[in-house]
Amino acid sequence: GKHRIVIPCLGHFKEEYEKVSKLYMNNKIRTTRYTLLNFLPRNLFEQFHRVANLYFLFLVVLNWVPLVEAFQKEITMLPLLGVLTIIAVKDGLEDYSRYKMDKQINNLVTKVYNR
């Protein structure tokens with residue numbers, strides 16, 4: 001296979017390189033969509049971009065109006081909560097598998113040539 005060899009030759013520019021390199025991002029791969037802090041709000045935001053979920057949310061809100069109430073208020077929420085929970089668990093598991101793959105790729109052993 002092909003190999004890439006990186007040869008750093010900084011010499012007296014080492015201090016300048018260290019100052020400039022702090023301005024740039026590292027080269028770690030990150031393909032995950034969520035973090036622990038933004039999982040719930042971001043996942044709900046993405047799920048309510050689906051028309052079906054908005055429709056069920058509309059039915060839940062409409063059922064809280066006393067004149068239109070067809071079922072018990074809590075029963076109307078069950079299908080929506082079930083679908084949102086199942087999709088959130090699926091998205092969370094997919095994102096966790098992406099996280100594990102990213103971690104595996106970022107921890108690969110590389111060869112660096114140093115004089």
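The values are calculated or read from the model by the stated rules, or taken from the named source; none is laboratory data. Just so you know, these numbers come straight off a predicted model, no measurement behind them. All Cβ positions, glycine included, derive from the backbone under ideal geometry; neighbour counts span all protein chains shown. Only protein heavy atoms, including side chains, enter the accessible area calculation; ligands, DNA and RNA are left aside. Shrake-Rupley method; radii C 1.70, N 1.55, O 1.52, S 1.80 Å.
Under 16 Å of direct C-alpha separation, and excluding same-chain neighbours fewer than eight residues apart, Lys100 reaches these lysines: Lys28, Lys90. Count Lys and Arg as plus one, Asp and Glu as minus one, and take only other residues whose Cβ is under 11 Å from that of Asn63; the net charge is then -1. For the range 29-107, a Kirkwood hydrodynamic radius built from all Cα pairs, placed in the Stokes-Einstein relation at 25 °C and 0.890 mPa s, yields a translational diffusion coefficient of 170 µm²/s. Within the straight-line cut-off of under 20 Å between alpha carbons, the aspartates and glutamates reachable from Lys103 are Asp91, Glu94, Asp95, sequence neighbours fewer than 8 places apart in one chain being disregarded.
Ligands, DNA and RNA left out, the accessible area of the range 29-107 computed with a 1.4 Å probe is 73% carbon and sulfur.
Annotation: per residue accessible area for the range 29-107 equals 77 Å², rounded to a whole number [probe 1.4 Å, protein chains only].
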